[in-house]
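Written below as structure tokens is the structure these notes are about.
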Amino acid sequence: LIIGVLAAIAIPAFSAQTGKAVDVQAKELVRTAATTAAIIATDNSGDYKKVTAAELHKYEPSIRILESTTDAYLSAVTSGTSEFSVTAKATGGDEFKISQSSTGEVTRSCASPISKKGCMGKETASW
């Protein structure tokens, strides 16, 4: 009985920590991709047009670009002359995005289309 009560307390707590861990993995991946995008632009006279998933992976092999159920992966990349955005998807379905506008403004956003509360308890948020 005591073991059952302890398990009932511990399992939800463990589950919540696991969800946070996979989100941290996706945040780390998207930060790495954003930094790598800046390096690609530097190598191309400040032009972000060559920022693609394949190019990001070529510059930084740790950036996963293939869909995975066990690891976060880069799910979307858009780029233009002076702007870009990169999105990483966590295994739980939460998506973390870093965008840089043509004016240099950087935004970080989160979307939780599956659980609806993976972004600090909400469906969407900034981070």
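The values are calculated or read from the model by the stated rules, or taken from the named source; none is laboratory data. Note that the structure is a prediction, hence the values are computed from the model and not measured. Glycine gets a Cβ as well: all are built from the backbone with ideal geometry, and neighbour counts include every protein chain shown. Remember, those area values only see protein heavy atoms, side chains included, never the ligands or the DNA or RNA. Shrake-Rupley method; radii C 1.70, N 1.55, O 1.52, S 1.80 Å.
Here is how the numbers come out for the structure above:
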item: Global geometry of segment 35-127, whether rounded, prolate or oblate, following the gyration tensor of its Cα atoms and the 1.5 cut on a/c; result: oblate
item: Helix-derived mean residue ellipticity, 222 nm - over the chain, DSSP H n ≥ 4, -39500 (n - 2.57), to 500; result: -13500 deg cm²/dmol
item: Length released on extending from Val106 to Thr81, taking residue separation times 0.36 nm less the Cα-Cα span; result: 7.5 nm
item: For the chain, with +1 on Lys and Arg beta carbons and -1 on Asp and Glu, the positive-most of Ile114, Thr36, Ser101 along the dipole; result: Ile114
item: Dipole magnitude of the chain, debye to nearest 20 (Cβ charges: Lys/Arg +1, Asp/Glu -1, about Cα centre); result: 280
item: Label-point separation in nm, Ser99 to Lys58, each point 7 Å along Cα→Cβ; result: 2.7
item: Chain lengthening between Lys117 and Ile39 when straightened (0.36 nm per residue, less Cα-Cα); result: 24.7 nm
item: Cβ-based net charge around Ile65, under 14 Å, with every Lys or Arg adding one and every Asp or Glu removing one; result: -1
item: For the chain, accessible area per residue (1.4 Å probe, heavy atoms of protein chains only), Å²; result: 60
item: Net length gained if the chain between Lys50 and Glu28 were fully extended (0.36 nm per residue, minus Cα distance); result: 5.7 nm
item: Carbon/sulfur fraction of accessible area - the chain, other protein chains in place, 1.4 Å, %; result: 59
item: Between helix 2-43 and the chain: long-axis angle, C-alpha atoms, 0 to 90°, nearest 10; result: 0
